[in-house]
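Participant: Take a look at this one; I'll ask things after.
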Amino acid sequence: MSGLSIAMRGSSFLAQLVLGGILSEGDFGLFAAALGFVAIGASLRSVLRTALIEATAKSPELVDRLYSNTMWAVMAFAAVGVLASPLLGAVFDNPDLPPLLIPLLILVPLQIVPVVGMARINEALQFQRFGRIVGSAAVLRHAVTVVAALLGFGPYSFVLGVGAAVVTEIVSVRLIVGSLPRLMRPTFFSGFSLKDRTGDRRWIWPTAIALSLAVSGDYLGASAILTVEVVGLYFFAYQLTGALFEPMNTAANTVLVPAFVKIDDLEKRRSSFVEIVQTLSVFSTLFFVTAAVTVAPITHLLWGGKWDGSIFAILAFAIYAPIRLVHPISQSIARGCGYWSLFASDMVLAGAVTVVSAVIGAAVGGLETLVIFVVCGHFLVTMASLLRLASRLGAPWVDVLLAVLTPWSIGLVGLELVHLTTAGIDSVDVGGAVVRFVLLVVYLSVALVVPFRRRIMATVQPILQRA
């Protein structure tokens, strides 16, 4: 693991720690609501980069055309969003939303600019260069956000952080690749068939919209019903666990998409798919399940009780993280294999379920009900996604389900056993957390590490040899 990779992981978590002490629940909730509207930018980046990786490999002359059509559409989306922002503020009964939403919308087209260069770097399997760009942008984003919060910018600190990251990516791509993509005239209605030349690209925009709802639709659904403070607690919990979750997700996506693009053999794709999801489930269970027993005391200790209202959400997201991580990995594999219709329909389902589960959860109760409904909805979507991809690859359903659910189930049993054993200890007691942690580590060492020792060693040994 490089120093920049470590810095990326550390900066995200440290930034969340500092921001938790400076910003209020309302600040987090306001940004969450705005993020729900502009998530299309990040989602489109992810989907477009995958399409460009394949286009670069198969038909490089279409790269500029694909980029240009997308950029024109994104600029139109941003313009409409800016004009509609006062109406959105009125609908959500939040006059503070439009001033925060407008600069975020302006940044959306800029987020698309470096995607072509990053796709070329990714397609060439230059993972270290790609990692340096992403890592530098992430570190600077967190640093600028924290400094801005310290200077009193409130929720606008997040906007400044996003802007710093975008500029860093554009400059880095320009220096490494040597050029930025040129913007051509749009060819939406020219009859030019991308499908005939580089595979089916009709799914790019619908998939990006659905992906944005899958990622941030819960913020929108909750913001329409709950107070901005409650949404802030939810967003804080999600971001805190995401600070540990996203680096793993980013690293896996960086490697998996171009890797599966280059694998033509169906049998190799099938075996790699099962091995990857099992390895991921084992390691993420070891990490997140053991971390879950320390959530309550650490949250209480670090912020002096300020964020105690989010403990249930943080705990739930930490326990669910191994399954949460599997879903985007299966999506990356689907994109890498060129299964665009499968990926798109999966994202439409995920987006719809995320929004509906958030709305129902928020309407039925408060924060805890919202978390339960969102997690349960996401679990069903993840299982459906895995089984559909398994069917496409010809992998047995039982093998895939066992690969994912067995390690996680072992972790859940361990959590319950530790909870029953230490039921008399206060949940925020530090000493009690240490006891729970030790008991859980002993249990997982016997119940999880020993049965999966070969898989663990097969993953860890190459890393140790490189170190």
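Participant: Among GLY394, GLY365, GLY361, which is the only one that is in contact with an Asp or Glu (Cβ under 9 Å, 6 or more places away or on another chain) and over 18 Å from ARG324 (Cβ atoms)?
Facilitator: When all the criteria are applied, what remains is GLY394.
Participant: Related question: Name the residue, out of ALA362, ALA390, ALA395, ALA358, that is of a type outside the set (Phe, Trp, Tyr), outside any helix (DSSP H, G or I) and surrounded by 19 or more Cβ atoms within 10 Å (Cβ to Cβ).
Facilitator: Testing whether each residue is of a type outside the set (Phe, Trp, Tyr), outside any helix (DSSP H, G or I) and surrounded by 19 or more Cβ atoms within 10 Å (Cβ to Cβ) leaves just ALA395.
Participant: Can you find even one residue in the stretch 305-318 that is farther than 28 Å from VAL413 by Cβ and free of Cβ contacts under 8 Å to residues at least 12 places away in the same chain?
Facilitator: yes
Participant: Would you mind listing the helices (runs of 4 or more DSSP H) fully within the stretch 138-244 where at least 3 residues are out of contact with any Lys or Arg (no Cβ under 9 Å at 6 or more places or on another chain), surrounded by fewer than 24 Cβ atoms within 10 Å (Cβ to Cβ) and at pLDDT 85 or above?
Facilitator: Helices (runs of 4 or more DSSP H) meeting the threshold: 156-177.
Participant: Being over 20 Å from the mean Cα position of the chain (by Cα) and either closer than 16 Å to ILE329 by Cα or part of a loop (DSSP other than H, G, I, E, B) (or both), is that true of even one residue in the stretch 368-383?
Facilitator: Taking every residue of the stretch 368-383 in turn, none turns out to be over 20 Å from the mean Cα position of the chain (by Cα) and either closer than 16 Å to ILE329 by Cα or part of a loop (DSSP other than H, G, I, E, B) (or both).
Participant: Show the residue pairs that are 6+ apart or on different chains and have beta-carbon atoms under 8 Å apart, the first residue being within the stretch 366-381 and farther than 14 Å from ILE314 by Cβ, the second being polar (S, T, N, Q).
Facilitator: As it stands, the answer is PHE373/SER357; CYS376/SER357; GLY377/THR354; GLY377/SER357; HIS378/THR354; HIS378/SER357; VAL381/THR354, since those pairs meet every condition given.
Participant: Looking at ILE333, ILE372, ILE314, which is the one that is closer than 15 Å to VAL277 by Cα, of a type in the set (Val, Ile, Thr) and assigned by TED's automatic domain parsing to the domain that holds VAL293?
Facilitator: ILE333
The values are calculated or read from the model by the stated rules, or taken from the named source; none is laboratory data. Remember, predicted model here, so these are calculated numbers, not experimental data. Neighbour counts run over all protein chains shown; Cβ positions are idealised from the backbone, glycine included.
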